[in-house]
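What follows is a short report on a single structure.
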Amino acid sequence: LNVPVLTIDGPGGAGKGTISGLVAERLGWHLLDSGALYRLTAQAALKHNVALDDEASLASLASQLDVAFPVKDGQPRTLLEGEDVSREIRTEHAGERASRVAALPQVRKALLQRQQDFRRSPGLVADGRDMGTVVFPEAPLKIFLTASAEERARRRHLQLQEAGVGASLSSLLKEIQARDARDTQRRVAPLKPADDAITLDTTRLSIPEVVDQLTELLIQRG
Ligand code: C5P
């Protein structure tokens, strides 16, 4: 339990994934992309014809995921059974399905210990919604990364354009607002800053500025 953990929670599209990957790489720490676990559970459900309200079967799928989160050239990757699935699980549709699966208590329970097992020397950067509140409540440094919904929609739009995927800004904004509502209003592990979290609003910050601020905070905390 002496292994340090930096938790980075916040709403979708706030830049947690990018920032977590860069900070993990700079520190040489491990990475946990907890959102990918929910995305992969939803994807496995599709593959095995499991309905998104079949809680027991979904929990069983979640407990069997063989997943790893290496960082390559500052980019966080998701490997499922050794295969890079980073791109295919990042669609807005996959995110929407993930947030439905993530509202199920048995699924969250099945993933709890697995997430804690990512805490290995020399340290862990944990990215998600409940890293600081539920999974690593004793983490020495907790960040709540946020940005306005409009700015998050704008960033998603840019990201998708770069990936050659078409999407309208207004529909992205609606999707982001719907996912925010589901994540903050659910009964189990709702999205909210831990009492001892530091909130960082990145609406007007660049990625390197955020990485610098986080690294600075980690140094201050020793
Ligand atoms: O972060 P990402 O967009 O990949 O997360 C997808 C969905 O998974 C979120 O909308 C949220 O519902 C769920 N999630 C969660 N707890 C986490 C990480 C993600 O409930 N720690």
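When segment 5-32 is filtered for residues that are near the ligand (Cβ under 8 Å from one of its atoms) and surrounded by 24 or more Cβ atoms within 10 Å (Cβ to Cβ), the ones remaining, listed by number, are Asp9, Gly13, Lys16. Based on this model, can you work out whether Leu22 counts as in contact (Cβ under 8 Å) with a residue 24 or more places away in the chain and either assigned to a strand (DSSP E or B) or of a type in the set (Phe, Trp, Tyr) (or both)? Against the criterion (in contact (Cβ under 8 Å) with a residue 24 or more places away in the chain and either assigned to a strand (DSSP E or B) or of a type in the set (Phe, Trp, Tyr) (or both)), Leu22 does not qualify. For first residues located in segment 183-207 and on the phi > 0 side of the Ramachandran plot, partners that are part of a loop (DSSP other than H, G, I, E, B) and lie 6+ apart or on another chain with Cβ distances below 6 Å form the pairs Ala189/Asp130. What about Gln113, is it more than 9 Å from the ligand (Cβ to nearest atom), surrounded by fewer than 18 Cβ atoms within 10 Å (Cβ to Cβ), over 22 Å from Ala181 (Cα atoms) and of a type outside the set (Ser, Thr, Tyr)? In short, yes.
Among the residues of segment 70-95 satisfying the criterion of being under 17 Å from Gly128 (Cβ atoms) and within 12 Å of the ligand (Cβ to nearest atom), which is surrounded by the fewest Cβ atoms within 10 Å (Cβ to Cβ)? Checked segment 70-95; the qualifying residue surrounded by the fewest Cβ atoms within 10 Å (Cβ to Cβ) is Ser86. Looking only at segment 123-160, count every residue that is in a helix (DSSP H, G or I), of a type in the set (A, V, I, L, M) and within 13 Å of the ligand (Cβ to nearest atom) and tell me the total. So the answer is 3.
Is it the case that Thr199 is in contact with a strand residue (DSSP E or B) (Cβ under 9 Å, 6 or more places away or on another chain), among the β-branched types (Val, Ile, Thr) and in a loop (DSSP other than H, G, I, E, B)? Judged against the criteria, Thr199 is not a match.
Against the list (1) surrounded by 14 or more Cβ atoms within 10 Å (Cβ to Cβ); (2) within 21 Å of Asp180 (Cβ to Cβ); (3) at pLDDT below 95, the condition Ala102 fails is (3). Just for segment 146-182: of the residues that are under 30 Å from Ala197 (Cβ atoms) and among the acidic types (Asp, Glu), which one is surrounded by the most Cβ atoms within 10 Å (Cβ to Cβ)? Per the criteria, the residue is Glu175.
Every residue, every condition in (1) at pLDDT 95 or above; (2) in contact with a Leu (Cβ under 9 Å, 6 or more places away or on another chain), yes or no:
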| site | (1), (2) |
| --- | --- |
| Asp54 | yes, no |
| Glu83 | no, no |
| Glu92 | no, yes |
| Val107 | yes, yes |
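Filtering segment 161-186 to residues that are within 14 Å of the ligand (Cβ to nearest atom) and either of a type in the set (A, V, I, L, M) or out of contact with any helix residue (DSSP H, G or I) (no Cβ under 8 Å at 6 or more places or on another chain) (or both) leaves Leu172, Ile176, Ala178, Ala181, Thr184, Gln185, Arg186.
The values are calculated or read from the model by the stated rules, or taken from the named source; none is laboratory data. Just so it is clear, the structure is predicted and the values come from calculations on it, not from any experiment. Every residue, glycine as well, gets a Cβ built from its backbone with ideal geometry; the counts of neighbours run over all protein chains shown.
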